[in-house]
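One structure is given here, and the rest of the page talks about it.
The values are calculated or read from the model by the stated rules, or taken from the named source; none is laboratory data. Just so we're clear, the structure is a prediction, and the values are computed from it rather than from any experiment. Here the Cβ is made from the backbone with ideal geometry for all residues, glycine too, and neighbour counts use every protein chain on show. The protein model used for the area step is the full one, side chains on, heavy atoms only, and it has no ligands, DNA or RNA in it. Shrake-Rupley method; radii C 1.70, N 1.55, O 1.52, S 1.80 Å.
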Amino acid sequence: MSVLVARPFDKPRLAGPRHSIVALAPARLVMILMAIAAGVALVLTKLAWFAVATTPVSARSVAGALVPLRGDITDRNGVSLARTIDAWSIGVHPRRLINDPHELAGKLAALMPNHDEAWYERRLRSKEPFVFLYRRALPEVVKAVNALGEPGIAYEREPERLYPQSTLAAHALGSLDVDAHGIRGMERVLEEQLTNPLLRARPVALSLDSRVQAAVESELGAAMISFQARAAAGLVLDAHTGEVIAMVSLPNYDANKLPKVLNPKDPNDQGMQRLWNNATMSTYELGSVFKPITMAFAIDSGVVSSMARRFDAREPIMTGRFPIRDDHPQKRYLNIPETLVHSSNIATARIGKELGEERLRAMFTAMGFATRPDIETPERGKPIWPAPWTKASTMTTGYGHGLSVTPLHLASAYAALVNGGVWRPATMMKVAPGKAAAGRRVISEATSARMRQLLRLIVLKGTGEKADAPGYRVGGKTGTAEIGMKGGYSKKRNVSTFAAAFPMDAPRYVVVVMLDSPRGNAQSAGQATAGWTVAPVVSRVIMRTGYMLGVMPDMNRDVDVSELLPLLWEAPGAAKVVPE
């Protein structure tokens, strides 16, 4: 029997299958590692391919430029008027669709009816790698489309401009295009400031007061419905700074959803009518509201040196084949207060004739009537002057016939009449104390003081009586002008306007209200003139907003008109002045 003796330095030997398994282990480990590396490489390659070949559903990458984030817009008191929030975009990768495009288009049209089925089918069959179906969609729309289960449709958040006050000040704020760039109103004016990263962090404060804006929209809208007017405009202006406290144009629209415009060149297109800003774009012959402006020119130039001076208003004046008549003829000589209180076209025409063409045109130009209204917004109407300017034009423009301007032109002019005689441009921006534009002097302080007396007298004793607001010392003038049409002036349609300021002993605000083509009703005793239709609106607006603007009613204060009252002569048994 032999014995196996193990030596200390001998290597053990593995015989048979076990030896083969151990020998192959390193090779298998290398193969496993290579497989893992190949898998990782495949994943990375796929991700890189997606990054290069796939277009993200975002305006930022599809359009090749960043959709600008926009700063907020507020009113003068910090109330939000426009802000940017997150919304959704819905797009499609046509090459990845698994459902039938025709069938899918029908479902999309039902969920997103802003386009028809044919439009969606064209987008789904597009040869482009990616197309948009809906920009800035609400979350509920995204949820409904996602429920269709089509993997080729993609979604991503993108900035959305929100107007929290809906229709409030829509025309003043303006709107954005599909790529979130301002195209109207203050959104366009402030484009750089709202999108500049260094500036947009701080909200931009406009001159508007949302409380006053809401009150004017409410009162003017009610009047427009009541009198079945075609359109309306209203303004509240700071008489000393030119700040627009309220700017209303009716019909209006929800700033979050622009009206659909079928034909931009058609004035009867309902979408265009809603987008049109009547306060700054529409020009009208505004009628007798021009008479105080003409009177101020006459006083300032010395043509009228005494309130007792009288002008012959016994008979109409012939201008060629056409007579200048009074709506409520007194058939006698009228002094200055009577001319305004009775709103005499005849007497005002005679004053305009004495002023002369050169002086009248110069004064109208100084009041800003020769150019588009001076304000930041791009939507501004061009005034229409007589062409050619004739001798008749010199007489008729004095009482607002033959010269067309916007309601904003008128508001700025009335501010100059009552604020001491300085015309300033209107502004939509909040003005810091002491930072108002310098403006230009158009009448003397003494003439402005006289006009405050005369305007107050018109409300106390004349055609503007229904505009009075107890304790607020309102002064102003009515204007009812026939609308020019083909073949002459309409006897059935007019523009009714009231221009006012308050409080007249220390004027702070100008209010202008206009209705286009109002119809008389029981509320106005069947009348469609300014004294019945818009004068009451001014009264209600002032009573609703005066305290908001820091003007407290005071029954113990007023403008001293005692020296003018004796000049108002009334014949025995004479009828009361009829609102114009």
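Across the accessible surface of the chain, with the other protein chains kept in place and a 1.4 Å probe, carbon and sulfur atoms take up 56 percent. Peptide packing: for 509-518, 271-280, the average count of neighbouring Cβ atoms within 10 Å per residue gives the ranking 509-518, 271-280, highest mean first. Annotation: per residue accessible area for the chain equals 49 Å², rounded to a whole number [probe 1.4 Å, protein chains only]. Taking amide H as placed 1.01 Å from N in the peptide plane, Thr241 has no amide H partner under 5 Å among residues 5 or more places away or on another chain.
When a/c reaches 1.5 or more, the comparison of a/b and b/c decides; with that in mind, is the range 163-293 rounded, prolate or oblate per its Cα gyration tensor? Taking the square roots of the gyration eigenvalues as a ≥ b ≥ c, the range 163-293 is oblate.
Amide H contacts under 5 Å for Trp88: Arg136, Ala137, Glu158, restricted to partners 5 or more places along the chain or on a different chain, H placed in the peptide plane at 1.01 Å from N. Of the residues Met504, His401, Pro378, the one whose Cα sits farthest toward the positive end of the charge dipole of the range 368-505, with +1 on the Cβ of Lys and Arg and -1 on the Cβ of Asp and Glu, is His401.
Multiplying the residue separation of Ala362 and Asn114 by 0.36 nm and subtracting their alpha-carbon distance yields 84.1 nm. Looking at the square roots a ≥ b ≥ c of the eigenvalues of the Cα gyration tensor of the range 102-188, which shape do they give, rounded for a/c under 1.5, prolate if a/b is larger than b/c, or oblate? Here the range 102-188 falls in the prolate category. Once both labels are positioned 7 Å from their Cα atoms along Cα-to-Cβ, the gap between Asp554 and Asp327 label points is 3.4 nm. According to the square roots a ≥ b ≥ c of the eigenvalues of the Cα gyration tensor, what is the shape class of the range 454-580, taking rounded for a/c under 1.5, prolate for a/b larger than b/c otherwise, and oblate for the remainder? Oblate shape, in that a/c is at least 1.5 and b/c is the bigger or equal ratio. From most to least packed by mean Cβ count within 10 Å, the peptides 438-448, 311-321 give 438-448, 311-321.
Of the peptides 28-38, 203-213, the ranking by mean beta-carbon count within 10 Å, highest at the top, reads 203-213, 28-38.
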